[in-house]
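This report concerns only the one structure given below.
Here, each number is a calculation from the coordinates, and none is a lab measurement. Given the structure is predicted, the values throughout are model-derived calculations rather than measurements. Every residue, glycine as well, gets a Cβ built from its backbone with ideal geometry; the counts of neighbours run over all protein chains shown.
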């Protein structure tokens with residue numbers, strides 16, 4: 001049997017206040033509405049719940065049994081409603097975020113100590129992955145990623161400016177194999193490739209030309225699914241080939257040579273994004289205030 005919660009709330013108010021009129025005042029209802037709800041509840045249960053007199057109403061045995069059983073439940077419901085209200089407005093609790101490693105290093109890592117010191121009662125749970133994550137489906141409050149990969153239904157806050165793509169290699173590789181003069185020349189070189197974690201596709205190498213954007217179908221003998229590896233000791237910095245990635249990602253300029261800069265495009269910067277339902281979440285607002293650069 002479905003619980004008649006509205007009628008049970010009216011019943012509880014009558015039992016607490018001792019009269020239908022006082023219960024109506026407490027609930028902000030008309031006395032006739034309260035009387036109707038009570039009669040409907042008694043009809044549904046099949047027994048009177050109150051003995052009525054001119055001055056007050058008194059619980060019957062059945063009413064007393066219902067009051068004893070429903071009272072704690074309504075207290076728990078009230079506490080749950082208050083907890084839900086406080087959770088969205090409090091500056092304590094858990095904030096769950098997902099982001100790729102490069103976004104963490106570029107936008108979060110340096111600002112994290114100050115945020116932790118100011119809000120010690122906020123627990124941050126960071127899911128670091130380069131896979132595209134459905135933050136609603138997987139229970140995250142917000143995510144951080146490149147601006148061209150954000151659902152238009154999401155609210156977003158810019159954390160970093162546009163990123164310039166670059167063809168990069170170690171000086172040793174360029175000295176040994178020579179430098180390409182045009183993107184087409186990359187077809188004769190070993191290129192280090194990136195595979196998207198969620199889709200499994202190889203990231204294209206796109207360039208700007210007089211007639212617009214175009215791709216070069218490069219090949220190579222190393223494929224990775226995380227960008228930092230492309231800059232590690234076992235990848236481009238060790239002379240294994242050319243790589244194609246945003247040069248803003250903490251690249252040590254002394255260890256890399258940038259080539260074909262006249263051909264490489266710029267892509268949207270890094271954004272924090274979240275569902276509009278969390279726009280009033282105080283924990284998320286404090287985090288955004290802490291990590292958003294003042295210059296953007």
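Take the Cα of residue 109, step 7 Å toward its Cβ, do the same at residue 137, and the gap between the two points is 3.0 nm.
Each principal axis of the Cα cloud of the stretch 87-210 was taken in turn, and the coordinate range along them, longest first, works out to 59, 31, 26 Å. Using the Cβ-Cβ distance between residue 128 and residue 215 with R0 set to 35 Å, the FRET efficiency works out to roughly 0.75.
Restricting the calculation to alpha carbons of the stretch 1-42 gives Rg and Dmax of 9.4, 29 angstrom. Here each label is just a point 7 Å from Cα along the line to Cβ, and for residue 61 and residue 198 those points are 6.3 nm apart.
Kirkwood analysis of the Cα pair distances in the chain returns a hydrodynamic radius of 24.3 Å.
Cβ-Cβ distance of residue 187 and residue 255, R₀ of 25 Å, FRET efficiency by 1/(1 + (r/R0)^6): the value works out to about 0.50. Averaging the sequence gap over all C-alpha pairs within less than 8 Å and six or more residues apart, then dividing by the number of residues, gives the stretch 163-267 a relative contact order of 49 percent.
Taking a ≥ b ≥ c as the square roots of the eigenvalues of the Cα gyration tensor, the stretch 163-267 is rounded, since a/c falls below 1.5.
The DSSP beta bridges internal to the chain are antiparallel in roughly 65% of cases.
For the chain, the relative contact order is 22 percent, taking Cα pairs closer than 8 Å that sit 6 or more residues apart in sequence and dividing their mean separation by the residue count.
Using the count of nearby Cβ atoms within 10 Å as a rough guide to exposure, how do 99, 106 rank from fewest to most?
The fewest-first ordering by Cβ neighbours comes to 106, 99.
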